[in-house]
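Report on the following structure.
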């Protein structure tokens, strides 16, 4: 009788091999950490990355034949005692901009589910044209957060934290540090200058803050045309039903156009991106959405059925509500990454995607969460918490593959370029969802063919940020694969060492 298990479980047997007593690594064996070594975390990282990392074949120290003995391997691990340095400086490929890790995998997992320690303030940072000073401007406030109860809103500007001027050297510690509470010193936009004022706003980070990724979902009546507008800020699988319900309302309202606003969306679930694309385009399950590409040792074990994802007709709990559109207007900026870009690329063979804003970030790889659980191929599973090494809390989020669309296109590491270039204006950010908000107004102009009364090119202070409130958190610009792959155990026998 055939046994079917998760690919992750089958491949994990790769790492359980034992070396001979003579300490020499035989062909096909996996190096073993010598007893007594304290490089437990580095050992886990090397094993996990050797198996899953997309660029495994390009990183010399991750080669299957790199080490001739367990002693040589152990000495290599011990040369870099700091786990973060070992990961970033030793294991990562030079072109990898997005793999990251966390010394507490539970925090990493929570953040990928939309749960974090946050005060609810989402902002971008800009460096002054002269000197090393920095100022921030508010993008939006997360509902039901601490910031939502304070006198602060979209478009507000701040220059100081706890009385200190923000600079290139201190902004990380002041805004992203361990401090639970901080006080912002506010400022005004006067002409093309930022001028401090006396207003202060104190914000407190709340444990287990949950962000609903749907910030705005409404149908606009624009000169008789029903236009659905969705401000969508993260791809979170635990909000799939709410997303589908929003499209149900769009369908019920008779919307014939859609403005999909992902200007601040750093990404998230690959499967949720597939569901969203289906809500836009349609539910024909024979139309290919994306195709995965893994490293060589994983890729050869997978069939086309396992590598390909098609448009969906169900969320798994309910039928997809689709607008069945032939075009979509997407607002995207340099803050739009990974799963946001995936939706745009996955729709492109089927739908005219009119991109308004800026060139996107250029993250076309997906990741998985890896923990010290060799019995599950190091892949995190909430059902296996008791199997994770209690002496090693580190979690990895490495890039493990790329997605290409139905036309085979995937090469957008430089970002997806806009059809209509339009930066946000810090002096006039507008209200999200308001037809007069500049980027939405520009999309509506394209839809209706009626020019806006105000020019979009006359900007007082174009937004050119270098960092955002999510860049230094476990959320970051991440696209994670959350699709389990069932595989015939017999197909991967060649990877297993008895």
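Overview of values
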item	result
Largest-first principal axis extents of the Cα set of the range 161-280 (Å)	51, 36, 22
Helix 270-281 vs. the chain, principal-axis angle (Cα, 0 to 90°, nearest 10)	40 degrees
Kirkwood hydrodynamic radius of the range 288-362, from inverse mean 1/r over distinct Cα pairs, in Å	14.5 Å
Residue 65-residue 390 FRET efficiency (beta carbon distance; Förster radius 30 Å; 0.05 resolution)	0.40
Enclosed volume per residue, in Å³, of the convex hull spanned by Cα atoms of the range 231-292	99 Å³
P(r) tail fraction, the range 118-209 - alpha-carbon pairs more than 21 Å apart, %	25 percent
Residue 183/residue 207 FRET efficiency (R0 25 Å; Cβ-Cβ; nearest 0.05)	0.80
Value of [θ]222 nm, deg cm²/dmol, for the chain, DSSP H segments ≥ 4, -39500 (n - 2.57) each, nearest 500	-5500 deg cm²/dmol
Label-point separation in nm, residue 253 to residue 296, each point 7 Å along Cα→Cβ	5.2 nm
Shape metrics for the range 34-177, restricted to C-alpha atoms - Rg then Dmax, Å	20.9, 63
In nm, spacing of pseudo-spin labels at residue 221 and residue 104 (7 Å Cα→C-beta vector)	5.1 nm
Normalised alpha carbon radius of gyration of the range 160-228 [divisor 2.2 N^0.38 Å]	1.69
Range of Cα positions in the chain per principal axis (Å), largest first	80, 56, 35
Exposure proxy ranking, count of Cβ atoms within 10 Å, fewest first, for 274, 442	442, 274
Point-to-point label distance, residue 448-residue 199, nm (Cα→Cβ direction, 7 Å offset)	3.1 nm
Antiparallel content of DSSP bridges confined to the chain, in %, to 5	75 percent
Euclidean distance of C-alpha centroids, the range 220-252 and the range 87-129, integer Å	28 Å
Computed over the range 346-390, Cα set: Rg, Dmax in Å	18.6, 50
Residues residue 284 and residue 162, FRET efficiency given R0 of 45 Å [Cβ-Cβ distance, rounded to 0.05]	0.25
Intensity falloff of the range 317-358 expressed as log10 I(q)/I(0), Debye formula with alpha-carbon point scatterers, at q = 0.14, 0.18, 0.26 Å⁻¹	-0.37, -0.58, -0.96
Potential extension, residue 466-residue 319 segment - 0.36 nm per residue separation minus Cα distance	48.9 nm
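Bear in mind that the values in this text are calculations on the coordinates, not laboratory data. Since we're looking at a predicted model, the values are computed, not measured. No Cβ is skipped: glycine too gets one built from the backbone with ideal geometry, and neighbour counts run over all protein chains shown.
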